[in-house]
Structures are given as structure tokens and as C-alpha cells.
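Data block below; observations after.
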Amino acid sequence: MYATVKNVLNNEAYLGNLIQNQTGSLSYKDKTTIRKPETDWICHENAFDAIISPEVWDAVQEINRLAKFRSINNAAPQPHLFTGKLICADCKGQLLANRETQHRKNGDVRKYVSYFCGRYANSGRSACSRHGISEIKLKKLVMAEIKARAEALEFDETAVLDMLKKKDVSRRHPTSGRYPAGGRQAAPPYSGA
């Protein structure tokens, strides 16, 4: 139900605007619906009579904008540790942080952060599925990876440096020796080899 109310509050048809080409598919063979970027949308302003005034519309949009920044217990918004660094393995969309509160039967209240697919949040099951991971698990995975790399470096520093050099050289163009467009990129994930 929440998504329905959210869609109604963001629907410009109430202003009399007709917006087309918001969704589509990747190809004629694939019937999966995706949300297109706003630059591809076709907007016809004042296509029909408005139900609400632009002033009311602007007031509702301002309330919605401020509600995005409101956080639990009206605390100041805090950036999450992995925001902007995680992508969905299925659709390659950005993972969004979500603060969750768990009320236990014994009266305890647990607050934690988890990350889930942003395309699922915006478009629902037609775009992706709601798979996610908690920030606690992510911290443990990152710390384990850092420890593994540090131990490998401590065990045989020259072998690790040689491996990193080989990966760096393999990303360069075969004839010019230059890095691809966009310059030097971050090293790929450690394979443990």
C-alpha cells in the first residue's frame, strides 16, 4: 500500500501533465520492465485539466523531500558506511541503505542497517528481487578480506607485489601500454590466489 500512496503523491497527472516513456524493456525479446532515466521521458505539460494547483503540488513535493532526510527519532541524517560502494549482483543497480528497527518479545529494541537493491525499491519485482545484506555481515566480510590480504603480504611480500603488477599490466592496452579511457581504475577484487 505504501508504494501506491507514494506513486499517487509523485504522479504529475494531478497537475495536468502527461509523462510518457517512463518504462520500457531492454529489447523486444526480453519482456522485463525497467524504469528509464528521466532524460528519456516525454513530458506534455497541461495536456488536460489539473486536479490540484501547482502550489499544492510544490508543497507536497517539499514535504516528501524533507521526509527523505528524516531519520529515526528525528536524529540528524548519518551517511552509511557502504553507501555508493555496493551494486546488485543481478541487475547492477546501486544497493540502498535501509535502517531497520526490530522489536523483540522481551522488550529489547535492536536498530541496524541493511542494504538492498535500489531498482527493486523503485520498480518492484519487475526490475529485480529484494535481496540484501546487513551492514554487520558486510563489516565482517571486509575485515576478513583485509586480514587475508595483510597476512598474504606479511607471508610473501614479493609474490603479492608481483601479482598486483601483473594485474595492473593486464588492464593496460596491449599495443600502447596505456590504461583504458577513464584512466587508471581500482584494482579488481582479491582472488586469494
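The values are calculated or read from the model by the stated rules, or taken from the named source; none is laboratory data. What you are looking at is a predicted structure, and each value in this text was computed from that prediction instead of being measured. Note that we place each Cβ from the backbone using ideal geometry, even for glycine, and neighbour counts take in every protein chain shown. Remember, those area values only see protein heavy atoms, side chains included, never the ligands or the DNA or RNA. Shrake-Rupley method; radii C 1.70, N 1.55, O 1.52, S 1.80 Å.
Identify, please: which residue in segment 15-36 is of a type in the set (A, V, I, L, M) and within 14 Å of Cys91 (Cα to Cα) and is, among those, surrounded by the fewest Cβ atoms within 10 Å (Cβ to Cβ)?
Among those residues, the one meeting the criterion is Leu26.
Remark: Leu9 falls outside the filter, which requires a residue to be open to solvent by less than 80 Å² (accessible area, probe 1.4 Å) and in contact with a His (Cβ under 9 Å, 6 or more places away or on another chain).
Considering only residues in segment 120-137 that are closer than 20 Å to Leu81 by Cα and in a helix (DSSP H, G or I), the one that is nearest to the chain's Cα centre (by Cα) turns out to be Ala121. Hey, any hits in segment 147-158 for a residue that's within 22 Å of His80 (Cβ to Cβ), assigned to a helix (DSSP H, G or I), modelled with pLDDT of 80 or more and out of contact with any strand residue (DSSP E or B) (no Cβ under 7 Å at 6 or more places or on another chain)? For segment 147-158, residues within 22 Å of His80 (Cβ to Cβ), assigned to a helix (DSSP H, G or I), modelled with pLDDT of 80 or more and out of contact with any strand residue (DSSP E or B) (no Cβ under 7 Å at 6 or more places or on another chain): absent.
Reported count of residues in segment 134-151, each being in contact (Cβ under 8 Å) with a residue 24 or more places away in the chain and open to solvent by less than 60 Å² (accessible area, probe 1.4 Å), is 3. Among the residues of segment 113-133, those identified as hydroxyl-bearing (Ser, Thr, Tyr), open to solvent by 50 Å² or more (accessible area, probe 1.4 Å) and free of Cβ contacts under 8 Å to residues at least 40 places away in the same chain are Tyr120, Ser129. Set side by side, the residues Lys92, Lys105 differ, and just one is open to solvent by 50 Å² or more (accessible area, probe 1.4 Å), assigned to a loop (DSSP other than H, G, I, E, B) and farther than 30 Å from Asn11 by Cβ, which is Lys105. Among residues that are free of Cβ contacts under 8 Å to residues at least 12 places away in the same chain and under 21 Å from the mean Cα position of the chain (by Cα), Ser53 is not included.
Given the residues Leu95, Leu141, which is the only one that is at pLDDT 85 or above and within 13 Å of the chain's Cα centre (by Cα)?
Answer to the selection: Leu95.
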